[in-house]
Every structure is written in C-alpha cells, then in structure tokens.
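Below is one structure, written out as structure tokens; the observations come after it.
The values are calculated or read from the model by the stated rules, or taken from the named source; none is laboratory data. Because the structure is predicted, anything quoted here is derived from the model rather than measured. We place every Cβ from the backbone using ideal geometry, glycine too, and count neighbours over all the protein chains shown.
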Amino acid sequence: MNYGIAIHGGAGTILRSSMTPEKEKLYTEALKKAMETGYAILEKGGAALDAVEAAVRSLEDCPLFNAGKGAVFNHKGGHEMDASIMWGKDLTAGAVSLIKHVKNPVSLARAVMEKSENVFLCGEGAEEFAKEMKVEFAGEEYFHDAFRFEQWKKAQEQEGVYLDHNIESDVRGRMSEENTKDGSGIGPGTSDIGLSIDKKFGTVGAVALDKDGNLAAATSTGGMTNKKFGRVGDSPIIGAGTYANNHTCAISCTGHGELFIRSVVAYDISALMEYKNLSLREACEEVVMKKLVKIGGEGGLIAIDKHGNIELPFNSEGMYRAMKSSSGVEKVEIYK
Ligand code: ASP
C-alpha cells in the first residue's frame with residue numbers, strides 16, 4: 001500500500017527575485033521539518049490523522065508562516081485564528097475559528113472532532129472548550145511579532161485586506177508609485193528572526209494517506225492581514241478549505257478565502273472524482289486553474305488521493321509546498 005504526505009505554507013505573490021538564499025533556506029528547512037515529522041508517523045504505520053496534525057503543529061510553531069505563532073493581525077490589531085481537520089475514514093471533522101489564545105489551533109479542532117458532539121466551535125465558546133480540554137494556551141506576547149505588526153500597519157495605512165503573501169508586493173508597488181523617501185517603498189520592518197518585511201508568507205496545511213488506506217486533511221491560518229474583526233475565511237470551513245474522504249481524496253487549500261468559500265473548492269475536487277470519475281489531476285485542473293481563475297480566486301491547494309497520487313496546483317506566483325511518498329518521490333518547492 002502506497003502512503004505519503006503533502007504540506008503547504010501558503011500561496012501568493014512569492015517571487016524568486018524577492019528572496020535571498022538565506023531566507024529560502026529557512027523556508028525550505030521549515031517545510032522539510034514539517035513534512036518529515038508527518039512522514040515519520042506514516043512510515044511507522046501511524047494514522048494519517050496523526051501525521052497531518054503533527055505536520056501542521058510544526059508549521060504553527062514556526063514564526064515564518066501565518067498560523068499559530070506567526071498569525072497575522074486583524075483590523076483591530078489582534079489575532080483571530082482558524083483551523084480545521086478531517087478524517088476520511090468516517091467523514092468526521094472538527095473546526096474552530098476566531099481563536100485568540102490557543103497555541104496550536106489544529107489540535108483544538110481535533111479535540112472538537114473527537115471530544116465534542118459538534119463539528120465547528122468559534123470564538124469565546126471555542127476557547128472555553130479549549131480550557132476544558134486542557135489544550136495549551138499562549139498569551140498575546142507569544143503571537144506578537146515585529147514583522148506582522150509592521151505588515152499590519154502598512155495594511156491599515158492602505159486601508160486594505162491582504163493575503164499574507166501579497167501585502168508587501170502590493171504595498172511596495174503602490175508606495176513606490178508614490179515615490180517614497182528612500183525609494184524602497186518600504187518602511188523599517190524587521191522581524192524578530194531577522195527577516196525583512198516582505199519575506200514571510202502563509203496559511204499552512206497538510207494532507208496524508210496512511211498504510212491502512214485512510215486519508216486525512218488539516219488546515220490552520222491567521223487569515224488575511226488587516227481582515228475585518230470577526231471575519232472567517234475558508235480554512236476552517238469543511239468542504240471549502242479542508243476535506244477528506246477515503247473514497248476520493250484529501251485536500252487543504254490556501255488563497256483568498258472568500259472566493260474559496262464561494263467555490264466550495266475542497267469538496268468540489270472530491271465531488272468531481274466521485275461523481276464524474278475525474279482523476280485527481282483532472283479535478284485539480286478544473287477547479288484551481290479554471291473555476292477559481294474565472295472568479296478571480298487566487299491561491300492553490302495540496303491534494304492526495306486514495307492511491308497516494310499527490311497534486312500541488314496553484315494559480316498564484318508561488319506556493320510553499322513539500323511532499324514525500326513511499327514511492328520515492330520527495331520535493332520541497334516554492335516557485336512556479
Ligand atoms: N485562505 C486563508 C483565508 O482566507 C488565507 C490564506 O490561505 O493565506 O483566511
């Protein structure tokens with residue numbers, strides 16, 4: 001039986017020209033670490049559900065990505081995180097949104113799935129449940145990051161709402177048009193790990209197939225920079241940002257959430273396979289490259305089917321992504 005895992009760290013305007021070898025190395029290492037963490041579980045015969053949770057936790061703990069520790073600021077200058085997880089074996093699922101103080105939202109989503117009668121908890125109620133479940137909490141200072149703060153201030157000045165990956169190129173573009181003083185189009189902004197303001201991207205996710213033929217998917221995000229207070233994107237919505245069904249595939253999305261919700265992206269891929277007999281590749285092509293493009297839905301997704309085939313399609317400039325399968329394929333990629 002084939003098995004494997006794919007992960008993503010967000011999609012958007014990620015250009016080789018705005019990357020240095022050192023930063024590329026940081027991203028590559030973080031992606032590889034998360035992928036290996038999940039793969040090691042699969043290799044030992046562990047469940048796909050455990051593999052995707054572990055991989056996403058690794059990315060949530062890394063300040064490079066817009067989830068958990070690296071979550072972006074909303075319009076009010078706070079954090080509201082969303083996450084979801086789904087088990088393809090029995091179609092059970094758990095999701096949380098508008099979470100402020102939980103260190104690993106993906107694990108709270110899993111607790112909702114396994115230890116509550118519900119599928120989706122949000123805001124205060126979800127945090128109350130988190131306390132009952134004794135999941136690890138983290139204070140404001142844990143989520144505060146100099147880079148994210150600068151990024152948010154730029155977005156506020158521009159009165160915009162941005163995909164984490166796109167804010168800086170957009171802000172830079174507009175500001176250089178206006179001839180900023182130093183010509184860089186960017187104010188001072190260096191994160192606590194020494195990255196300049198335009199070098200940190202994305203929502204995270206993982207999909208996996210285990211040795212027993214079970215599929216699972218998980219997604220976690222801080223949402224979009226300067227998003228409206230209370231706004232929820234696609235990431236915690238089962239069928240939009242996350243979906244897994246042992247008869248078809250497991251999917252985790254990243255991109256402009258509103259458009260992904262309207263396109264019911266993750267379930268649409270599964271439905272095209274189930275009802276129209278499309279292959280994973282054909283279904284991804286149809287949804288990511290045609291349907292989403294038609295309505296201006298920028299982004300991508302990671303997908304694995306019940307045979308272990310993996311697809312990593314995106315219609316943006318780049319997507320942080322990695323995959324490893326028992327058939328010997330292994331890659332970590334960023335650009336088109
Ligand atoms: N899909 C996420 C959202 O809209 C953002 C992202 O993928 O970067 O909240």
Item to complete: Search the range 193-209 for residues being in contact with a His (Cβ under 9 Å, 6 or more places away or on another chain) and modelled with pLDDT under 80, and hand back the single one that is farthest from the ligand (Cβ to nearest atom).
Response: 200
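A quick yes/no check of all residues on (1) among the acidic types (Asp, Glu); (2) closer than 15 Å to residue 242 by Cα; (3) not in a helix (DSSP H, G or I):
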site	(1), (2), (3)
94	no, yes, yes
97	no, yes, yes
111	no, no, no
114	yes, no, no
141	yes, no, no
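So that you can scan it fast, the table gives a plain yes or no per residue for (1) away from the ligand (no atom under 16 Å from the Cβ); (2) touching a residue at least 24 places away in the same chain (Cβ under 8 Å); (3) not in a strand (DSSP E or B):
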site	(1), (2), (3)
229	no, yes, yes
236	no, yes, yes
253	no, yes, no
300	no, yes, no
322	yes, yes, no
332	yes, yes, no
Worksheet, complete the sentence: Residue count, the range 255-298, condition under 22 Å from residue 218 (Cβ atoms), hydroxyl-bearing (Ser, Thr, Tyr) and either touching a residue at least 40 places away in the same chain (Cβ under 8 Å) or assigned to a loop (DSSP other than H, G, I, E, B) (or both), comes to 1
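How many residues, within the range 104-134, are of a type outside the set (Phe, Trp, Tyr) and farther than 19 Å from residue 233 by Cα?
Number of matching residues: 13.
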Practice prompt. Kindly check whether there is at least one residue in the range 231-250 that is surrounded by fewer than 21 Cβ atoms within 10 Å (Cβ to Cβ), among the basic types (Lys, Arg) and modelled with pLDDT of 95 or more.
Written response: no
Worksheet, complete the sentence: How many residues of the range 1-15 are part of a strand (DSSP E or B) and away from the ligand (no atom under 15 Å from the Cβ)? The answer is 3
Discussion item. I need the full set of residues from the range 214-235 which are in contact with a helix residue (DSSP H, G or I) (Cβ under 6 Å, 6 or more places away or on another chain) and of a type outside the set (A, V, I, L, M, F, W, C), in order please.
Written reply: 214, 220, 225, 226, 233, 234
Fill in: Residues located in the range 210-225, provided they are outside any strand (DSSP E or B) and either of a type in the set (Asp, Glu) or within 12 Å of the ligand (Cβ to nearest atom) (or both)
210, 212, 222, 223, 224
Worksheet, complete the sentence: Of 265, 288, 293, the only residue that is at pLDDT 95 or above and within 11 Å of the ligand (Cβ to nearest atom) is 265
Worksheet, complete the sentence: Selection over the range 31-77 where residues are surrounded by fewer than 23 Cβ atoms within 10 Å (Cβ to Cβ), away from the ligand (no atom under 16 Å from the Cβ) and closer than 24 Å to residue 14 by Cβ yields a count of 5
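Every residue, every condition in (1) within 15 Å of the chain's Cα centre (by Cα); (2) charged (D, E, K, R), yes or no:
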| site | (1), (2) |
| --- | --- |
| 39 | no, no |
| 52 | yes, no |
| 78 | no, no |
| 109 | yes, no |
| 118 | no, no |
| 134 | no, yes |
| 146 | no, no |
| 155 | no, no |
